[in-house]
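Input: a single structure, listed below in structure tokens.
The values are calculated or read from the model by the stated rules, or taken from the named source; none is laboratory data. Not measured: the values here are computed from a predicted model. Every residue, glycine among them, receives a Cβ derived from its backbone with ideal geometry; neighbour counts consider all protein chains shown. All accessible areas refer to the heavy atoms of the entire protein, side chains included, with ligands and DNA or RNA removed. Shrake-Rupley method; radii C 1.70, N 1.55, O 1.52, S 1.80 Å.
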Amino acid sequence: MAREAVIHRVNPYLLHGEQYYEILYSYTNEPDTLRQSRIAHTNIYSDPQEGDQVLIEAVLNVIMEIKKKG
């Protein structure tokens, strides 16, 4: 089940020539709890930005995909 969230910071980086993102985010229903995740470019929409409203798909607290809301 996807959860609504807001991205607070995006830090792109390369690992072995592949694009990854370090994302700082909070779930909409827990705005005071910041969480951090690293995700490959294949599992997130193009050009994520601070302030984006997103839907996060996670399994056992491991993010599988981040989609831009709307």
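Annotations
- Which numbered condition K67 fails, given (1) out of contact with any Leu (no Cβ under 6 Å at 6 or more places or on another chain); (2) touching a residue at least 40 places away in the same chain (Cβ under 8 Å); (3) in a strand (DSSP E or B): (1)
- Residue within the stretch 50-64 that is open to solvent by less than 30 Å² (accessible area, probe 1.4 Å) and in a loop (DSSP other than H, G, I, E, B) present: yes
- Residues that are surrounded by fewer than 15 Cβ atoms within 10 Å (Cβ to Cβ) and polar (S, T, N, Q) within the stretch 29-41 comprise N29, T33, Q36, listed in sequence order.
- Selection count, the stretch 7-26, where residues are out of contact with any Asp or Glu (no Cβ under 7 Å at 6 or more places or on another chain) and open to solvent by less than 50 Å² (accessible area, probe 1.4 Å): 6
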